[in-house]
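The values are calculated or read from the model by the stated rules, or taken from the named source; none is laboratory data. Just so you know, these numbers come straight off a predicted model, no measurement behind them. Cβ atoms come from the backbone with ideal geometry, glycine included; neighbour counts cover every protein chain shown. Side chains are part of the model used for accessible areas, which takes the heavy atoms of the whole protein and leaves out ligands, DNA and RNA. Shrake-Rupley method; radii C 1.70, N 1.55, O 1.52, S 1.80 Å.
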Amino acid sequence: ETGGGLKKASNFLEDSNPFVLMNVDILTDLDLGKMISFHKEKNPLATLGVSKRASTRCFLFNEKNQLCGWRNKNTNEEKICKTETNYNEFAFSGIHIIHPAIFKLMKKEGKFSMVDVYLELAKTETILGYDHTGSHLIDVGKPESILKAETIFK
């Protein structure tokens, strides 16, 4: 899982500026420069690339794009870390911009997901969503996606 791997790399990143973390099986034409500018302007602990697209799992954000929870649409499981009257659902794109201060706040060890870390930290820290709806995004970790990716990213 991403969390455990990131924590193992903390010695290389803990004294750095905010850094980009991107799942290796993602292809996208998201404007990373705009996402970085957004992160610098807002200065959250983490900025998560998200978009409005079909997904069985989604992050829940409030009107200020602050992370408030997570939902699995297949099982109806929800993890709410900030109660709001309305939530905006966005699919996570596997793209993060993270301030290295996160390493001192990560309590888990071993193999773990960043989703759980973000949900726990969102109770006290600012975790924002960056909406890049309209950008192409393909998970090429699935064999059936490779042909589609070849037509989009020539």
Checklist entry - Could you count how many residues in region 86-118 are in contact with a His (Cβ under 9 Å, 6 or more places away or on another chain) and open to solvent by 60 Å² or more (accessible area, probe 1.4 Å)? => result 1
Checklist entry - What single numbered condition from (1) under 19 Å from residue 23 (Cα atoms); (2) polar (S, T, N, Q); (3) open to solvent by 80 Å² or more (accessible area, probe 1.4 Å) fails to hold for residue 51? => result (3)
Item to check | Those residues of region 1-18 which are open to solvent by less than 60 Å² (accessible area, probe 1.4 Å), closer than 15 Å to residue 94 by Cβ and in contact with a helix residue (DSSP H, G or I) (Cβ under 9 Å, 6 or more places away or on another chain), in sequence order | outcome: 2, 3, 6
Checklist entry - Quick check: anything in region 75-85 without any contact (Cβ under 8 Å) to a residue 40 or more places away in the chain, in contact with a Phe, Trp or Tyr (Cβ under 8 Å, 6 or more places away or on another chain) and open to solvent by less than 10 Å² (accessible area, probe 1.4 Å)? => result no
Checklist entry - If we keep just the residues of region 120-149 that are part of a loop (DSSP other than H, G, I, E, B) and small (Gly, Ala, Ser), which is nearest to residue 90 (Cα to Cα)? => result 134
Checklist entry - Are there any pairs, at least 6 apart or on different chains, whose C-beta atoms fall under 9 Å, with the first in region 1-17 and free of Cβ contacts under 8 Å to residues at least 40 places away in the same chain and the second open to solvent by 50 Å² or more (accessible area, probe 1.4 Å) and not in a helix (DSSP H, G or I), and if so, which? => result 5/111
